[in-house]
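Reading through the structure tokens given below for one structure.
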Amino acid sequence: MERRKDINAQLEDLSCLYEITKSLASSTNLKECLDYTMETLDSMKQMENGTVTIINPLTGKLEIEVAHGINAEGRKRGKYQIGEGVTGRVVASGDPVIIPHIADEPMFLNKTRARGDISNQMRSFLCVPIRDGKQVIGALSVDCLYENGISDKAEADLRFLIILSSLIAQTTHRIQTVNREQEELIVENLKLKRELSEKNKIVGIIGNSSRMQEVYEMINRVVDSNATVLLRGESGTGKTLVAKALHYNSKRKQNPFVVVNCSALPETLLESELFGHEKGAFTGATEQKIGRFEQAEGGTLFLDEIGEISHAVQIKLLNVVQERTFTRLGSGKPITCDVRLVAATNRDLEKAVKENSFREDLYYRLNVFPVYMPALRERRTDILLLAEYFLEKYAKENNKSIQRISTPAIDLLIQYHWPGNVRELQNCMERSVLICDDETIKGIHLPPTLQTSDSIDSGKNLLSLSAAVENFEKDLIIEGLKKNRGNQTKTAKYMDTSLRIINYKIHQYNIDPKKFKLSAK
């Protein structure tokens, strides 16, 4: 009689394994096949609350992958450090365990609270490690009710779960490998398309210098990842443009791009702006407000001037960066967010950390992938390119037919040290376009600051009246030579002067007319 029971039990085990193996072998979705496995354990083996817990490689914590009979809130609570509780101990030791009565086991934490009050329950808890080769990657656990107490059946069930955990490990490895290869193919395909179509350039950013090529390379490396990016550099170097490029060239481009200027809001408003608030959370909170983290769900949140936030906001921001969860002001309910975080600052954060004005732990969380934006004076070969771009932009906006920038004006632009970087150059060109009534931007159209000793790296003296006249005269002669393709006779006639004077001035200012033979009129 006892032998027949054993045979029947073995047949039930084989039947259950057969059903589960069919699902595991054919599935390409890990969660779906594991859900079916836990459901089958419940229906065929009366093993309740079947749970697969896997180590999260990013946090190092044990997190529930699937859990039969446990709600979403319980799954969120079911996070363990390795070595914590029964499940954490199984993963740490690699040894399976049977807890005869969970009510009597102090190591049983019941974090999911799926079982209610366990003090009077006679449940048994079985937990086995899931191994990928020699490495333990998680655990499989179930609840069982043994009417006659722990017996040979419990040991048989434990052996059954060990076999099943091996199948789960193989399936997990197979599906993760396939998914990883597919992701790598998608990323490689996107990378190849980007290289073919843009040749390493980023739409919306102007610059061909070696320093900017380094920036483009860094953007292309991180654009399709979820890593937090910290943009460093002086004010006006184009950090906002890079943040936009990171979003609109990524797989998140169909979702929102949300910008928060952290220095523009006081501490109380900034906290509400980032995380939102509930109605009645504070005086004046007459209705619920959705914060920027919720608005940016699935997209990118750009935190500009991150170095200016207070300690109180730094603490709350650290929690979001670490756990990807936050709570609205006036609410205790955690909200999970899927947001790509990009931060920017012109401050020396390392110095701020030493002075205790910026949290060290937040600094390291934000500084995952730093991108340094070069100052304009460090990429002088881009100055003319940028100036011509802004010239075309503002000439079109103001309906002016300005065609080019004169050579002396170009010299002034390139010599200037640009403390305000690209933003200052943009303002300079807009002003020049507005006051220019000719076809060419000349030195006299540029701001006076570009012609002072403080603004020029070479340290020349402030231009005297005679020097200013010489510059203007040289500018006019070069303009005439360009219009007449280097022909000095035509240039003299064009400028209503003699050929002798033109020749004299050309030698005085060391101008080479041959350079302008190919110039278009």
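Length gain on complete extension for the stretch SER498 to GLU12, per 0.36 nm per residue less the alpha carbon to alpha carbon distance?
Values: separation 486, 0.36 × 486 = 174.96 nm, distance 11.20 nm.
Computed gain between SER498 and GLU12 is 163.8 nm.
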Quick one: angle between helix 30-45 and the longest Cα principal axis of the chain, in degrees between 0 and 90, rounded to 10, please. 10 degrees
Cut-off under 5 Å, modelled amide H: who pairs with LEU231 long-range: ALA343, ALA344, THR345, VAL371
Using each residue's phi in segment 501-515, evaluate 6.51 cos²θ - 1.76 cosθ + 1.60 at θ = phi - 60° and report the 3J(HN,Hα) Karplus result to the nearest Hz, with x for Gly and Pro. 5, 4, 4, 4, 5, 4, 6, 5, 9, 6, 9, 9, x, 4, 5
Can you compute 3J(HN,Hα) from phi for each residue in segment 209-219, using the Karplus curve 6.51 cos²θ - 1.76 cosθ + 1.60 with θ = phi - 60°, rounded to whole Hz and x for Gly and Pro? 5, 4, 5, 6, 4, 5, 5, 4, 5, 5, 4
Whole-Hz couplings from phi, Karplus 6.51/-1.76/1.60, listed for segment 135-144; x for Gly and Pro: 8, 7, 10, x, 8, 10, 9, 9, 9, 9
For segment 2-177, the count of lysine pairs 8 or more apart or interchain whose alpha-carbon atoms are under 13 Å apart comes to 6
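So between ARG221 and SER26, what do we pick up on full extension, going 0.36 nm a residue minus the alpha carbon distance? Working shown, then result.
On the way: separation 195, 0.36 × 195 = 70.20 nm, distance 3.49 nm.
Once the chain is fully extended between ARG221 and SER26, it gains 66.7 nm.
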Given a Förster distance of 22 angstrom, what is the FRET efficiency for ARG431 paired with GLU378, based on the Cβ-Cβ distance and rounded to 0.05? 0.40
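What FRET efficiency, computed as 1/(1 + (r/R0)^6) with R0 = 51 Å and r the Cβ-Cβ distance, is obtained for THR240 and GLU39, rounded to the nearest 0.05?
Numbers: r = 50 Å, r/R0 = 0.98.
Result of the calculation: an efficiency of 0.55.
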If the reach is capped at under 20 angstrom between alpha carbons, list the lysines near LYS474, excluding any in the same chain fewer than eight residues apart. LYS442, LYS460, LYS482, LYS483, LYS490, LYS493, LYS505, LYS514, LYS515, LYS517, LYS521
Restricting attention to the alpha-carbon atoms of segment 378-516, what are Rg (one decimal) and Dmax (integer), both in Å? 15.6, 44
For helix 383-397, what angle does its Cα long axis make with the longest principal axis of the chain, in degrees from 0 to 90 and rounded to 10? 80 degrees
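In cubic angstrom, how much convex hull volume per residue do the alpha carbon atoms of segment 210-374 span? Write down the numbers at each step before the final one.
Numbers: hull volume 17.7 nm³, N = 165.
Taking the convex hull of the Cα positions in segment 210-374, it is 107 Å³ per residue.
Take every DSSP beta bridge whose two residues both sit in the chain, then give the antiparallel share in percent to the nearest 5.
The answer is about 60 percent antiparallel.
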Need the full-extension length gain, ASN189 to SER401, defined as separation in residues times 0.36 nm minus the C-alpha distance. One decimal, nm. 72.0 nm
Given points 7 Å out from each Cα along the Cα-Cβ axis, report the ASP361 to HIS173 separation in nanometres with one decimal. 3.7 nm
Work out the P(r) tail for the chain: percent of alpha carbon pairs separated by more than 43 Å, whole number. 44 percent
What nm value, rounded to one decimal, do you get for the distance between ARG485 and ILE82 when each label is placed 7 Å out toward the C-beta? 7.7 nm
Compute the distribution of all C-alpha to C-alpha distances in segment 1-108, in bins of 5 Å from 0, and list the percent of pairs in each, rounded to whole numbers. 2, 11, 15, 19, 21, 16, 10, 4, 2, 0, 0
Under 5 Å between amide hydrogens, which residues at least 5 positions from ILE137 or on another chain qualify, with H placed 1.01 Å from N in the peptide plane? ILE130, ARG131, ASP132
FRET efficiency for ASP411 and LYS514, Cβ-Cβ distance as r, R0 = 25 Å, nearest 0.05? 0.85
Under 29 Å Cα-Cα from LYS354, which lysines qualify once same-chain neighbours fewer than 8 residues away are excluded? LYS239, LYS316
Check which residues have an amide H placed less than 5 Å from GLU65's amide H, if you skip close sequence neighbours. VAL52, THR53, ILE54
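Using just the helices of the chain, give the 222 nm mean residue ellipticity in deg cm²/dmol: DSSP H runs with n ≥ 4 each add -39,500 (n - 2.57), and the total is spread over all residues, rounded to 500. Provide the component values of the computation, followed by the final result.
Working: 18 runs with 240 residues, N = 521.
Dividing the helical sum by the residues of the chain leaves -14500 deg cm²/dmol.
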Whole-Å semi-axes of the ellipsoid equivalent to segment 288-446 (Cα gyration tensor, √5λ, descending): 44, 20, 12
Taking 8 Å as the Cα distance limit and 6 or more residues as the minimum spacing, I'd like the relative contact order of segment 2-177 as a percentage. 20 percent
Quick one: angle between helix 421-435 and the longest Cα principal axis of the chain, in degrees between 0 and 90, rounded to 10, please. 40 degrees
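Every number here is computed from the coordinates shown, using simple stated rules; none is lab data. Small disclaimer: the values here were computed from a predicted structure and weren't measured. Neighbour counts run over all protein chains shown; Cβ positions are idealised from the backbone, glycine included.
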